[in-house]
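**Student:** Input: one structure, supplied below.
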Amino acid sequence: WLMSCRVLGRQVEHATLGLIADVARGMGAKRLIGRYVETAKNRMVKDLYSKMGFKRLADEPHQQLTTLELSCFVAPKTLVRIEEEKNANGT
């Protein structure tokens, strides 16, 4: 999951997680696994998974492994609307 720092804090990350969770549930998934690997450029999101409801599974040097149980997850309301674009044949 890769996002521009320009959209962080504008509810795009919450809307995106809601979409990911809905698709994963539709595919029969029970949980999402998040892995944060620290780099010089992404330290600003070190706690993003935990702020979004993920629970830590393991910490390793410069890395965190987290999980989000989909049975308990309710996506927060946002002002972001995600629309599906149809291609020329309507799919």
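The values are calculated or read from the model by the stated rules, or taken from the named source; none is laboratory data. Because the structure is predicted, anything quoted here is derived from the model rather than measured. Heads up, the Cβs are rebuilt from the backbone with ideal geometry, glycines too, and the neighbour counts pull from every protein chain shown. SASA here: full protein model, heavy atoms, side chains in, ligands and nucleic acids out. Shrake-Rupley method; radii C 1.70, N 1.55, O 1.52, S 1.80 Å.
**Student:** If you wrap a convex hull around the alpha carbons of the chain, what volume per residue comes out, as a whole number of Å³?
**Tutor:** 126
**Student:** On the accessible surface of region 23-91, probed at 1.4 Å, how many percent belong to carbon and sulfur atoms?
**Tutor:** 54
**Student:** Suppose every K and R has +1 on its Cβ and every D and E has -1 on its Cβ; what is the size of the dipole of the chain about the Cα centre, in Debye to the nearest 20?
**Tutor:** 160
**Student:** Pairing the Cα long axis of helix 12-26 with the longest principal axis of the chain, what angle in degrees results, from 0 to 90 and rounded to the nearest 10?
**Tutor:** Orientation of helix 12-26: about 70 degrees from the principal axis.
**Student:** Measure off 7 Å from each Cα along the Cα-to-Cβ vector at Glu69 and Leu19, then give the distance between these two points in nanometres to one decimal.
**Tutor:** 2.8
**Student:** For the chain, report the accessible area per residue in Å² (1.4 Å probe, heavy atoms, rounded to an integer).
**Tutor:** Values: 7090 Å² over 91 residues.
Result: 78 Å² of accessible area for each residue.
**Student:** Right, something else. Ala40 to Val7: FRET efficiency via 1/(1 + (r/R0)^6), r the Cβ-Cβ distance, R0 25 Å, to the nearest 0.05?
**Tutor:** Once rounded, the FRET efficiency stands at 0.80.
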